[in-house]
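Any read-out appearing in this document is the output of simple, stated calculations on the displayed coordinates, not a laboratory observation. Because the structure is predicted, anything quoted here is derived from the model rather than measured. Cβ placement follows ideal geometry from the backbone for every residue including glycine, while neighbour counts extend to all protein chains displayed.
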Amino acid sequence: MGNLKRNPKRSKEETYNNKEEPLPPKKYAYRKSRTSIWMVLIFLAISGILIIAIFITFTPRETEIIENYDLVLLDYTIWAEENYDYNYSNPVIEMYNATLNVSSRYDEDAEDGLILGFYNELLGKSVGHGRTFNIDVSIDLDKDGIDDVTNNDALGYGFPEDGLLYNKTIMINYKILAIQKANATIT
């Protein structure tokens with residue numbers, strides 16, 4: 001024991017007469033790791049949130065559809081077929097943000113109703129719907145709603161007072177922007 005170095009802060013007896021028994025090693029209880037359980041729970045929570053978000057996003061909502069006498073805000077353009085060259089040039093009537101009362105010309109309660117073909121097209125549609133369609137020639141000189149030539153419903157501009165579109169096949173392009181139900185207040 002001749003070359004033992006000692007700590008100068010300890011007494012000589014402590015350094016050389018260390019007869020303390022070493023402590024027994026700590027006993028560890030075996031515990032199963034819960035990391036995998038937490039990972040599964042987090043995965044299920046995130047999956048549930050995503051499923052709910054997808055369900056809410058793609059669930060069809062009840063939408064208002066156009067019925068008789070509703071006020072409809074829409075953009076529309078009307079052409080005579082001979083002026084319509086599929087690039088939207090030469091419109092006869094071009095209206096943006098126009099509010100129309102959805103009623104037929106042949107409806108006694110309507111002052112300035114729509115031509116029957118346009119009226120029929122709008123019924124049952126909802127906001128955001130739009131398309132381009134054509135209405136064949138109609139002649140209705142007696143204004144009874146029946147085409148004088150074909151005895152079918154007069155869907156087009158059948159009155160001579162209609163000027164540029166009388167007795168012509170017409171093209172209409174429209175998009176529905178808003179609907180106000182009949183007898184409803186604007187909010």
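What the table shows:
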read-out: Sparse-neighbour loop sites [chymotrypsin sites (Phe, Trp or Tyr not before Pro); region 44-129; at most 10 other C-beta within 10 Å; DSSP]; value: Y86
read-out: Gain on full stretching of the segment that runs from D142 to L41 - 0.36 nm per residue minus C-alpha separation; value: 28.8 nm
read-out: Amide H partners (placed H, <5 Å) of I146, local residues excluded; value: A154
read-out: Mean Cβ count within 10 Å, highest first, over the residues of peptides 98-104, 122-128, 134-140; value: 134-140, 98-104, 122-128
read-out: Along principal axes, Cα extents of region 71-180, largest first, whole Å; value: 36, 35, 20
